[in-house]
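Presented below is the structure to which this report refers.
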Amino acid sequence: MRKNVIVLLARQLWQDAFRSKVMLVASVLMLLLLLFSSYSGWENYHDQNFSRDEIQHEVQESWENNPDKHPHRMAHYGSFAFRLKHVLSVFDLGMENFVGNAVFLEAHKQNTVNFSEASMSTGLLRFGEVSLAMLLKVIVPLLIFYLGFATIARERENGTLKLLIGQGITRKEIVFGKWLGLWSLSLLFLGAIFLVLLFFVLVESHDTMHADSIFRYLVLLCAYLMFFGILSAITILVSAFSASAKGALVKLLGIWLLFVVIVPKSLQAVGFYLYPTPSKIEMETAVEHDLAQIGDSHDPNDPHFKALKDSVLRVHKVEKVEDLPFNYGGFVMSKGEAMSTKVYLKHQENLYKVYGKQNNVERMSAFVNPYTAIKNLSMAFSGTDFQSFLHFKDKAETYRFKLAQEMNQLQMDLIPNKGKAGPNTISSDYWKEFPPFEYHFLSIADVFKNEVISLLALMLWGVLSVFALLSLSTNLKAI
């Protein structure tokens, strides 16, 4: 293939596109949408993170300013954990507005993550918000299909394709020249959006997240470059195998509807049908049932904990809990906390497995729908996918358990048993020593691990696109 001929054909496609008023109108609309989505995304990110960070600071101050008291009372006083937004959530909102952002952490109980943006907004939010990623995933593919539907079909109709071949231009040069021109046109929109995103990343990323954000940014850029290359190849192929330009346009619009709307929504419903999840009431009832089976650590007559007391007394060779070298109440609370946490985690893990099966129904469709692959990658590397939410929830639960057990240990070490002389409270300095909740985003390695299927599917689509274009270049019909 002659590179100069391919570039010449690509340039010709550019000239044809910019002669059309459609390109002008599309560019103006994209610019307006870009400005709006950039402003709204940045404002939402900045305001939400500022509010959550400020409240998290107030929560920590409230915790530290508690007076001297019994450590078990502090375990029930609890704390809050707030989920901060990743800077790349400016790009792709993902599930950000539909999952909670705050959870109350207390002893003996795992609370749900609440206060999602959707729950506190009007129903209009459920129609979706305009984001930078939405422009690239939904609007730009439609523009690619519209700008490229006639690339080969109309030239065949006009007889131009036959003339090009007659002048010595090979079919391979025609195919790849058209593809290059269409793909490079899409990069105008991609470049504008990613330049804006780069500004946000450089301005907002702190030293500890700078490298992480830049790497995520580069992965997203490469993924969308490949995605647009695949869409451009699909457009060329459909145009080449269509009898008319009008037929090519209808087919491409049908493909867009299938990729973006019909297949994703249908598979989500199929996933829920195949793997139904229990209701909140059913879930809580099952948890309460299992908790009742293990016993109540607050009930001194509970059979399980009565047997535990007898075994502890035997081990330490004493007859009464008052003679134990540690506070028995703190010991019982510690054991009860570990047992109840195990129950909660078991039910939580089972629920996550069901969610995983539901998501995998759509995730596997990435091998037949490139939109699914780019959607999953876009959310994952923007820190707005479901796995990122689960990661926050797990970190919050780890902190909750550590807080409760630390208070139990303080009770064991510093509070005397009933009937023994000594204080019933400890110094508030111990509250100040307990570290505040800090959340670190999912690591890059874990994101790659979670999105192996999407990555493989997108690369497979890229390889198939190249082979399909090569095959077309030997079978392209001039008339």
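Of the residues 230, 214, 262, which is surrounded by 17 or more Cβ atoms within 10 Å (Cβ to Cβ) and among the aliphatic types (A, V, I, L, M)?
Only one candidate passes the filter, namely 230.
Condition check ((1) without any contact (Cβ under 8 Å) to a residue 60 or more places away in the chain; (2) of a type outside the set (A, V, I, L, M, F, W, C)) across all residues:
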{"position": "344", "(1), (2)": "no, yes"}
{"position": "357", "(1), (2)": "no, yes"}
{"position": "361", "(1), (2)": "no, no"}
{"position": "369", "(1), (2)": "no, yes"}
{"position": "374", "(1), (2)": "no, no"}
{"position": "379", "(1), (2)": "no, no"}
{"position": "386", "(1), (2)": "no, no"}
{"position": "390", "(1), (2)": "yes, no"}
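Matching residues to (1) over 30 Å from residue 172 (Cβ atoms); (2) in a loop (DSSP other than H, G, I, E, B); (3) not β-branched (Val, Ile, Thr):
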site	(1), (2), (3)
413	yes, no, yes
419	yes, yes, yes
424	yes, yes, yes
431	yes, no, yes
439	yes, yes, yes
446	yes, no, yes
455	no, no, yes
466	no, no, no
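Condition first: under 12 Å from residue 477 (Cα atoms), modelled with pLDDT of 85 or more and hydrophobic (A, V, I, L, M, F, W, C). Now tell me which residues in region 156-176 satisfy that.
174, 175
Select from region 61-91 the residues that are part of a loop (DSSP other than H, G, I, E, B), touching a Ser or Thr at 6+ places or on another chain (Cβ under 7 Å) and farther than 21 Å from residue 440 by Cα and list them in ascending order.
Hits for region 61-91 are 66, 67, 68, 70.
In region 36-47, which residue that is open to solvent by 30 Å² or more (accessible area, probe 1.4 Å) and in contact with a helix residue (DSSP H, G or I) (Cβ under 9 Å, 6 or more places away or on another chain) is farthest from residue 102 (Cα to Cα)?
Once the filter is applied, the top-ranked residue is 42.
Filter region 14-35 down to the residues that are open to solvent by less than 40 Å² (accessible area, probe 1.4 Å) and at pLDDT below 90, then identify the one that is nearest to the chain's Cα centre (by Cα).
26
Considering only region 195-276, give the helices (runs of 4 or more DSSP H) lying wholly within it that have at least 1 residues that are more than 28 Å from residue 464 (Cβ to Cβ) and not basic (Lys, Arg).
Answer list for region 195-276: 207-240, 263-274.
Report, ordered by the first and then the second residue, all pairs with beta carbons closer than 8 Å, sequence separation of six or more or different chains, a first member in region 408-431 that is under 21 Å from residue 335 (Cα atoms), and a second member that is of a type in the set (Ser, Thr, Tyr) and in a helix (DSSP H, G or I).
408/334; 409/334; 410/430; 412/334; 417/328
Can you tell me which residue is farthest from residue 233 (Cα to Cα) among those in region 460-474 that are without any contact (Cβ under 8 Å) to a residue 60 or more places away in the chain and not aliphatic (A, V, I, L, M)?
Going through the qualifying residues, I end up with 471.
Being assigned to a helix (DSSP H, G or I) and either basic (Lys, Arg) or in contact (Cβ under 8 Å) with a residue 40 or more places away in the chain (or both) narrows it down to one residue among 313, 351, 308; which is it?
351
For residue 63, are the conditions met, namely being modelled with pLDDT of 85 or more, open to solvent by 70 Å² or more (accessible area, probe 1.4 Å) and touching a helix residue (DSSP H, G or I) at 6+ places or on another chain (Cβ under 7 Å)?
no
I want to confirm something. Restricting to region 291-317 and keeping residues that are over 17 Å from residue 408 (Cα atoms) and among the charged types (D, E, K, R), which single residue is modelled with the lowest pLDDT?
Going through the qualifying residues, I end up with 302.
So, in region 271-327, exactly how many residues are out of contact with any Asp or Glu (no Cβ under 8 Å at 6 or more places or on another chain), buried (at least 16 other Cβ atoms within 10 Å of the Cβ) and among the aromatic types (Phe, Trp, Tyr)?
The total comes to 1.
Looking for something closer than 30 Å to residue 474 by Cβ and either touching a strand residue (DSSP E or B) at 6+ places or on another chain (Cβ under 8 Å) or of a type in the set (Asp, Glu) (or both) - is there at least one such residue anywhere in region 28-44?
No.
Please pick out the residue among 239, 297, 232, 244 that is over 30 Å from residue 185 (Cα atoms) and of a type in the set (Ser, Thr, Tyr).
Result: 297 is the single residue among 239, 297, 232, 244 that is over 30 Å from residue 185 (Cα atoms) and of a type in the set (Ser, Thr, Tyr).
Scan region 36-63 and report the pairs whose first residue is farther than 18 Å from residue 439 by Cβ and touching a residue at least 60 places away in the same chain (Cβ under 8 Å) and whose second residue is in a helix (DSSP H, G or I) and open to solvent by less than 90 Å² (accessible area, probe 1.4 Å), with Cβ atoms within less than 7 Å and a gap of 6+ or a chain change.
Here the result reads 37/132; 37/135; 38/132; 38/196; 41/90; 41/132; 42/90; 42/200, each pair linking region 36-63 to a residue that is in a helix (DSSP H, G or I) and open to solvent by less than 90 Å² (accessible area, probe 1.4 Å).
Within region 366-389, track down each residue that is open to solvent by less than 10 Å² (accessible area, probe 1.4 Å) and part of a helix (DSSP H, G or I).
Residues satisfying the conditions are 366, 370, 372, 373, 374, 377, 378, 380, 381, 382.
The values are calculated or read from the model by the stated rules, or taken from the named source; none is laboratory data. Note that the coordinates shown come from a computational prediction; the quantities given were computed from them, not determined experimentally. Heads up, the Cβs are rebuilt from the backbone with ideal geometry, glycines too, and the neighbour counts pull from every protein chain shown. What goes into the accessible areas is simple: the full protein's heavy atoms, side chains included, and nothing from ligands, DNA or RNA. Shrake-Rupley method; radii C 1.70, N 1.55, O 1.52, S 1.80 Å.
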